[in-house]
Amino acid sequence: MFPQLHRITATALVCSLLAYFVASHELPSRPSQSAAQVERRSNDPAAQTAFEHFYNTDYDSAVPEFEAALQAHPNDALAVNHLLQVVLLREINREDILTGQLYMGDEFLRSKRQPIDPHVQLRIEGLASQALSLSEARLKTNPNDVEALYSRGATRALYAVYEGLVEKAWYSALRSALGAYRDHKRVLELAPDNSDAKLVVGVYDYVVAALPIYAKVAAFLFNIRGNKTEGIEEVRQAARGGGEASVDAKTALALFLAREHEYPEALVSIRELYRSYPHNFEFGQMEASLLRARGNLPEAVAAYRNVLAAGQRKMFFHPHLDRTAIGLGQVYRAQRNFRDAAGAFESAAKMPGLDHEESARANLLAGEMYDLLRERDSAIRKYEEIIATGNDSIETQEARRFLKRPYHEP
């Protein structure tokens with residue numbers, strides 16, 4: 001199974017993946033829009049540049065560009081949503097909320113609320129309120145306004161990210177995300193050929209179907225049954241539709257296909273994204289992880305090393321190269337190349353910006369490799385380094401155990 005996706009909890013998928021993937025694209029055009037309006041949205045060079053920066057995770061460049069777009073169109077919920085999503089994701093990235101917790105299983109749900117800059121918090125809430133007000137004002141005039149429905153759904157999806165990842169208000173996040181689903185479902189009823197609207201609906205259909213039985217109760221209460229096959233196909237159609245949602249849909253499609261062990265198509269999707277956005281660290285990391293999950297170990301080694309080399313060349317805006325080094329070490333370990341695995345794990349432990357727990361994990365893995373190499377002195381040094389931090393973590397407990405008795409493969 002894909003080494004990260006299988007640890008994503010159902011609530012995390014509903015409250016973060018859904019909103020993260022659907023909130024960052026242009027809204028579908030209404031049937032009543034003029035050709036000039038559609039042209040402005042799809043071919044505006046300033047918008048294209050802003051999205052280029054956004055998908056390359058250059059948030060600091062994207063923010064002022066979306067601010068300028070909002071100033072030019074102050075009554076457009078589309079422009080508000082664009083600014084909202086980049087402000088929110090920049091803060092999530094700054095606090096390491098997404099990368100640090102998304103793949104932590106139950107820890108994601110039990111983790112404490114992390115305080116954020118109060119000015120950023122007010123801005124996020126203000127932008128969400130502004131976008132909702134603009135969309136709902138149009139819906140009061142015309143309840144079947146496709147663009148307004150879609151815009152409101154995108155705002156609700158983004159606010160679900162904020163409530164779930166930042167505020168840890170899980171019930172409110174689920175309620176907002178369900179509102180997004182219903183809005184986009186209504187869009188498809190009014191405009192069945194709208195490929196962009198299929199993304200959020202497809203993500204929901206897949207996620208609900210993938211929930212364990214005990215977790216499906218809430219979904220059933222909201223009359224959502226889910227279907228994996230239909231969900232993936234809806235996301236696939238959004239990815240192939242050529243609309244503004246295609247980038248997000250390709251990302252979601254790769255994750256879902258990986259979870260279903262359909263690696264060839266997942267690799268095609270993620271490689272296309274990485275070629276288009278070479279400064280996005282996550283796309284490069286995902287390609288390497290998919291190759292590793294598929295069992296293409298030599299290719300996985302090359303992919304991980306390429307990501308590390310790109311990171312050293314400062315190709316990425318927000319890299320987590322410790323994860324790359326650990327991934328490389330795990331591939332070497334699978335090849336029983338314990339020497340290179342130890343080196344990769346040690347390099348991960350020395351990466352700047354790691355907290356004590358991350359560093360301890362990398363050092364523990366390195367110690368295990370030295371034990372497998374029967375280089376006991378080197379293994380002991382690693383275990384003692386972990387214990388010396390004074391943290392009573394799982395890694396420290398394991399280090400104490402292996403200090404008494406060498407690590408052996410299970």
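The values are calculated or read from the model by the stated rules, or taken from the named source; none is laboratory data. Not measured: the values here are computed from a predicted model. For neighbour counting, all protein chains shown are included, and Cβ atoms are generated from backbone atoms with ideal geometry for every residue, glycine included.
Search segment 387-402 for residues that are within 19 Å of Y370 (Cα to Cα) and pair each with any residue that is among the polar types (S, T, N, Q) and surrounded by 12 or more Cβ atoms within 10 Å (Cβ to Cβ) when their beta-carbon atoms are under 7 Å apart and the residues are at least 6 apart or on different chains.
Sorted first by the residue in segment 387-402, then by its partner, the pairs are I387/T396.
Report yes if some residue within segment 293-303 is modelled with pLDDT of 95 or more, surrounded by 20 or more Cβ atoms within 10 Å (Cβ to Cβ), assigned to a helix (DSSP H, G or I) and within 19 Å of the chain's Cα centre (by Cα); otherwise report no.
no
Report every pair of residues separated by at least 6 positions or lying on different chains whose Cβ atoms are under 6 Å apart, first residue within segment 229-242 and polar (S, T, N, Q), second in a loop (DSSP other than H, G, I, E, B).
Hits for this filter: Q237/S195.
Among the helices (runs of 4 or more DSSP H) confined wholly to segment 30-87, which include 3 or more residues that are surrounded by 13 or more Cβ atoms within 10 Å (Cβ to Cβ) and at pLDDT 90 or above?
On the way: elements: 35-43, 45-55, 59-72.
Hits in segment 30-87: 45-55, 59-72.
Against the conditions (1) farther than 26 Å from I92 by Cα; (2) in contact (Cβ under 8 Å) with a residue 24 or more places away in the chain; (3) in a helix (DSSP H, G or I), where does H261 fall short? Just the number, please.
(3)
Please indicate, with yes or no, whether at least one residue in segment 374-382 is basic (K, R), over 24 Å from I92 (Cβ atoms) and buried (at least 20 other Cβ atoms within 10 Å of the Cβ).
To start, the set of residues in segment 374-382 that are basic (K, R) comprises 374, 376, 381-382.
Right, trim to over 24 Å from I92 (Cβ atoms) and you get 374, 376, 381-382.
Applying the additional criterion that residues be buried (at least 20 other Cβ atoms within 10 Å of the Cβ) yields 382.
The answer is yes; a qualifying residue exists.
What helices (runs of 4 or more DSSP H), lying completely within segment 137-221, carry at least 2 residues that are closer than 21 Å to L253 by Cα, of a type outside the set (D, E) and at pLDDT below 90? Talk me through it step by step, then tell me what you get.
Working: elements: 146-161, 170-190, 198-210, 216-221.
Answer list for segment 137-221: 146-161, 170-190, 198-210.
Output the residues belonging to segment 268-292 that are over 29 Å from D60 (Cα atoms) and buried (at least 20 other Cβ atoms within 10 Å of the Cβ).
Of segment 268-292, the ones over 29 Å from D60 (Cα atoms) are 268, 290-292.
Answer for segment 268-292, where residues must be over 29 Å from D60 (Cα atoms) and buried (at least 20 other Cβ atoms within 10 Å of the Cβ): L290, L291, R292.
Take segment 325-364 and flag every residue that is assigned to a loop (DSSP other than H, G, I, E, B) and closer than 17 Å to R381 by Cα.
Filtering segment 325-364 for residues assigned to a loop (DSSP other than H, G, I, E, B) gives 335-337, 350-355.
Selection gives K350 alone.
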